[in-house]
Amino acid sequence: MSGFEVIGTVGDMFKYLDTFDMIYVEFSTTLSRFLQECEHLYRKELELPDHRYKEFMKDGGKQWEERSRVDFEQKLRGKLGHDLQAYMDLSRYLEKRLAILKKKLGLSEDFSVRPKGFTLGKHV
């Protein structure tokens, strides 16, 4: 890398630092809000046991048995009633925002940072 390239890279870093900070703050805030809403819903409203809450937060309840899934949905509908749609709308909104921000930041599915062309310990 020549001296001019280094200077240009440092210049770009300062040029886009505010933009990155703004996106990072928005991402962090959205993710925190989503997690708080999930925790409030599952712990306070539905009063799920800790092991079911952890299972849900791990994979969204994908590995729950059908009985657990039905029980969860019945509790959800019974407890939230007419507010269910508002929760679902909020959940979808936050999910879309996280997907957009994840794409902007170039994050992988598990939200880790991977440079372009990086695969399992070797650069392409």
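The values are calculated or read from the model by the stated rules, or taken from the named source; none is laboratory data. Given the structure is predicted, the values throughout are model-derived calculations rather than measurements. When we count neighbours, we look across all protein chains shown, and the Cβ atoms used for this are built from the backbone with ideal geometry, even at glycine.
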Sole miss for Leu35 among (1) within 30 Å of Leu17 (Cα to Cα); (2) of a type outside the set (Asp, Glu); (3) at pLDDT below 75 is condition (3)
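With respect to Lys79, determine if the residue is of a type outside the set (A, V, I, L, M, F, W, C) and modelled with pLDDT under 75. Step through it out loud before you land on a result.
Numbers: of a type outside the set (A, V, I, L, M, F, W, C): yes; modelled with pLDDT under 75: yes.
For Lys79, the condition - of a type outside the set (A, V, I, L, M, F, W, C) and modelled with pLDDT under 75 - is met.
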Looking at region 32-64, which of its residues are aliphatic (A, V, I, L, M) and closer than 20 Å to Arg97 by Cβ? Leu35, Leu41, Met57
Just to verify a result, which residue in region 84-97, among those that are surrounded by 11 or more Cβ atoms within 10 Å (Cβ to Cβ) and free of Cβ contacts under 8 Å to residues at least 24 places away in the same chain, is farthest from Phe27 (Cα to Cα)? Leu84
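This table checks each residue for (1) of a type outside the set (Phe, Trp, Tyr); (2) closer than 13 Å to Ser91 by Cβ; (3) at pLDDT below 75.
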position: Leu41; (1), (2), (3): yes, yes, no
position: Pro49; (1), (2), (3): yes, no, no
position: Glu55; (1), (2), (3): yes, no, yes
position: Glu65; (1), (2), (3): yes, no, yes
position: Val70; (1), (2), (3): yes, no, no
position: Glu73; (1), (2), (3): yes, no, no
Scan Ala99, Ala86 and give me the residue that is at pLDDT 75 or above, under 26 Å from Glu109 (Cα atoms), in a helix (DSSP H, G or I) and of a type in the set (Gly, Ala, Ser). Ala99
Filter region 15-73 for residues that are in contact (Cβ under 8 Å) with a residue 60 or more places away in the chain and not charged (D, E, K, R) and give the result. Ile23, Tyr24, Phe27, Thr30, Leu31, Phe34
Test set (1) out of contact with any helix residue (DSSP H, G or I) (no Cβ under 7 Å at 6 or more places or on another chain); (2) surrounded by 10 or more Cβ atoms within 10 Å (Cβ to Cβ); (3) at pLDDT 75 or above; (4) not polar (S, T, N, Q) - Phe118 fails condition number: (3)
Could you check region 36-73 and list, in sequence order, the residues that are farther than 14 Å from Tyr87 by Cβ, assigned to a helix (DSSP H, G or I) and among the aliphatic types (A, V, I, L, M)? Met57, Val70
